[in-house]
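Right, one structure below, let's go through it.
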Amino acid sequence: MPVPIPQLAEQQRIVRLLSACDRVLCTGQQLLVKKQQHRQTLADQLLTERIRTRGSLKEPWRSFPIGDLF
């Protein structure tokens with residue numbers, strides 16, 4: 001069964017189109033990785049109190065021996 005082969009010019013257009021699609025996909029993947037890293041960094045900073053959200057306490061938590069509270 002014969003398989004049709006496109007002309008060289010059409011093959012080159014297909015290559016350019018597929019290469020452009022590949023670049024778009026790679027860029028999207030890179031942006032997704034950066035977003036995930038940024039989200040993780042923010043979560044780490046919030047949980048370790050390196051940054052504060054609006055409405056949070058102005059002073060850091062203080063520690064007391066439990067016997068001093070009663």
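Within the option set 2, 6, being at pLDDT 85 or above, more than 30 Å from the chain's Cα centre (by Cα), surrounded by 10 or more Cβ atoms within 10 Å (Cβ to Cβ) and outside any helix (DSSP H, G or I) holds for one residue only, 6. For region 28-41, residues that are over 8 Å from the mean Cα position of the chain (by Cα) and open to solvent by 70 Å² or more (accessible area, probe 1.4 Å) total 2.
Residues of region 16-54 that are small (Gly, Ala, Ser) and either modelled with pLDDT under 95 or outside any helix (DSSP H, G or I) (or both): 43 alone.
The values are calculated or read from the model by the stated rules, or taken from the named source; none is laboratory data. The shown structure was predicted, so the numbers you read here are calculated from the model rather than taken from an experiment. As a convention, Cβ positions derive from the backbone with ideal geometry for all residues, glycine included, and neighbour counts pool all protein chains shown. Calculation scope for accessible area: heavy atoms of the full protein, side chains included, ligands and nucleic acids excluded. Shrake-Rupley method; radii C 1.70, N 1.55, O 1.52, S 1.80 Å.
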